[in-house]
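Only the coordinates and a few stated rules stand behind these numbers; no lab work does. Owing to the predicted nature of the structure, the values given are computational and were not obtained by experimental measurement. Cβ: placed from backbone, ideal geometry, glycine included. Neighbour counts: every protein chain shown.
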Amino acid sequence: MFVIETKGLTKKFGKLTAVNKINLKIEEGEIFGLLGPNGAGKTTTLSMLATLIPPTDGSASVAGHDVRRQASKVRQNIGFVFQDPSSDDLLTGRENLYLHAMMYGVDMKNINRKMDDVLKLVDLTDRQHDRMRGYSGGMRRRLELARGLLHDPKVLFLDEPTLGLDPQTREHLWSYIKRLSTEKKVTVIITTHYMDEAERLCNRVAIIDHGRIVALDTPNKLKERLGGDVVRLVVKKPNVAALKKLKYVKGVKVSDGAVTLTAKDAGRHLQEILNKAGSVESVESHSPTLNDVFLHLTGSEIREQEGEGGYLERMMHSGNR
Amino acid sequence: MSEIGGLYALWYREFKVFLRERSRLISSLVQPLMWLVIFGTGLGSSIELGASGAGLDYQQFIFPGILCMTVLFGSLFFGLYIIMDKRVDFMKEVLVAPLSRVTIFFGKVLGGATDGTIEIIILMVLGSLFFGIHFTLYSILITIMMVALLMVSIISLGLIIGSMMSSPEGFGLVASFIIFPLFFLSGALFPVKNLPAWLYSFVAVNPVSYTVDAVRSVILGIPSSFGMITDVAVMIGFAVFMIAVGTWSFRRMSV
């Protein structure tokens, strides 16, 4: 029994196929990452699973309920933390939680205890009576994370949860999210285009490009697939043919005057690689990261840039209603 | 049960925001007071109302019309707030909740109508204190009932426009094309009895005219132009129609 299961899930906007026949099986308590560049179809996939938009084709079930036919049941079982701020600035943090609890029909008897609990979980007890206008981006995210938990959802969707946040706040958020899955057994589905986020947080990762899943596994297994360390050489006239002949070398790629290749035990073979490559100006070797996996699978580097529109920027424009 | 909780939650939010955003309340009162004091005195000093004016001064004559104008502007622009909600993800947070779209629509209408009713009661108090308007229990009740019907209708209209638009500028454009004809052709500023036929026919198809007519009749104690029963019936019909279209537009709204 999977918490989330999709079969051939597809979404088309006119001629554009945003999500193309996605099959997923996600187990309870997993932190599952959807990794890919902006516009790869991550948010669209999430929106379909959360019943915000109907699929064009295929099926999906969340917590045992079909997203098309039992939308309301699905919604009762999920929490969603959106990419953009989704709380009312003029209300206090606690009031925003109260609003959410009422909308989800949280039992009146437990409402105050629940709000205390989640506020404590994200360390916002001290600021709960401040209007959210005065919250920083990180505090706001934490409150929205807490809010997503108020009604004890089985599945929590986090859409780019740390977009535009500083490194320290990101670390904090990651530890809260980890605590959720270990302590509360919540299944967490997270979209991100940050490789480090996926590596640090996720049990399994699906790499999405152009609406398709190109790979799905644990971060470690994905990296092992590359079959070695990544070596990057800056060479004047690279002798690509000679490099390709080496037994332990795989996947030689040339771009922008640099040669990237994967080599088993690169440390031991580095001298030979350097000799064959030509006149090397600089060399760099590292254990593979998800970024290398992505590069290998899609042939293009993931764009480490602000998401669509920019979280903080939009927040500032919407400060006043 | 969560539908009722949700209705309460949405109302709670609108009401809290209304109480906190004082500028909203103040600006909603400044405009009608300027109309009454400046326009009412200025134009009133140089015109005679004739037979249908029944010996009233112009300021008192337009007071009921200005009440309706306040409802009209305040209610229509209430729809602007859902565009603000859509621009951030607040609207998604509401739409992903296990609530029906009908509940969400009514929560909004109820919230807006509460805000508007408070504004109207303040204006009525000011009217009796400074503009020589005498209220009776009957005129208070009928005024509030008619104004509430107009409010619900126009808030629905604002929400319909808001649900279809994605930019505040677009909303403003559509709203100004709607609001000025509704206001100027409602008889808020002039008696409708002696109008030329072409103008009268515009006034007669404007639902707002029927609220102005009824409210003016009960507040000033003058006979109504269309008949009280017609006024009430038209406004109930208008409100039901706008609510129906409003719930439909919310069902098909996407973010």
Legend entry - Inter-site label distance for A:SER282 and B:GLU48 at 7 Å from Cα along Cβ, in nm: 9.5
Legend entry - Separation between Cα centres of the range B:104-132 and the range B:10-37, rounded to whole Å: 9
Inset, instruction - Could you list A:MET195, B:MET235 in order of exposure, starting from the residue whose Cβ has the fewest other Cβ atoms within 10 Å? - result: A:MET195, B:MET235
Legend entry - Sites B:TYR8 and B:THR117 - FRET efficiency at Förster radius 22 Å, r taken between beta-carbons, to 0.05: 0.80
Legend entry - Average beta-carbon neighbours from other chains, 10 Å sphere, peptide A:87-95: 4
Legend entry - Over the range B:3-252, relative contact order from alpha-carbon pairs under 8 Å, at least 6 apart, %: 27
Inset, instruction - Could you line up A:CYS202, B:CYS68 from fewest to most neighbouring Cβ atoms inside 10 Å? - result: A:CYS202, B:CYS68
Legend entry - Listed peptides A:270-279, A:208-217, A:47-56, B:190-199 by packing density, highest first (mean Cβ within 10 Å): A:47-56, A:208-217, A:270-279, B:190-199
Inset, instruction - Would you please give the FRET efficiency between A:ASP256 and B:LEU126, computed as 1/(1 + (r/R0)^6) with r the Cβ-Cβ distance and R0 = 56 Å, to the nearest 0.05? - result: 0.20
Inset, instruction - With everything on Cα atoms, drop me the angle between helix B:58-78 and the longest principal axis of chain B, reported from 0 to 90° to the nearest 10. - result: 10
Legend entry - Cα-centre dipole for the range B:3-252 with unit charges at Cβ (Lys and Arg positive, Asp and Glu negative), debye to 20: 520
Inset, instruction - Quickly estimate the mean residue ellipticity at 222 nm for chain B, helices only: each DSSP H run with n ≥ 4 gives -39500 (n - 2.57), and the total goes over all residues, rounded to 500. - result: -25000 deg cm²/dmol
Inset, instruction - May I ask you to sort A:GLU284, A:GLU199 by Cβ crowding, counting other Cβ atoms within 10 Å and putting the fewest first? - result: A:GLU284, A:GLU199
Legend entry - Theoretical ellipticity at 222 nm over chain A - DSSP helices of four or more residues, -39500 (n - 2.57) apiece, nearest 500: -10000 deg cm²/dmol
Inset, instruction - Measure off 7 Å from each Cα along the Cα-to-Cβ vector at B:ILE26 and B:LEU199, then give the distance between these two points in nanometres to one decimal. - result: 3.7
Legend entry - Label point distance in nm, B:MET84-A:LYS25, each placed 7 Å from Cα along Cα→Cβ: 4.9
Inset, instruction - Report, ordered by chain and residue number, the lysines lying within cross-link reach of A:LYS237, taken as a straight Cα distance under 23 Å and ignoring same-chain residues fewer than 8 apart. - result: A:LYS245, A:LYS247, A:LYS250, A:LYS253, A:LYS276
Legend entry - Residue-by-residue Karplus 3J(HN,Hα) for the range A:20-35, coefficients 6.51, -1.76, 1.60, Hz, glycine and proline x: 10, 6, 8, 10, 9, 9, 10, 8, 4, x, 6, 9, 10, x, 9, 10
Legend entry - Bins of 20 Å, starting at 0 and running to the largest distance - Cα pair percent for the protein assembly as shown: 18, 40, 26, 12, 4, 0
Inset, instruction - Please build a GNM for chain A, connecting alpha carbons under 10 Å apart, and tell me which residue among A:LYS244, A:LYS184, A:LYS109 fluctuates the most. - result: A:LYS109
Inset, instruction - Give a quick list of GluC sites (Glu not before Pro) in the range A:114-187 that DSSP marks as loop, anything other than H, G, I, E or B, with at most 13 other Cβ atoms within 10 Å. - result: none
Legend entry - Shielding by other protein chains, B:78-90, mean Cβ within 10 Å: 4
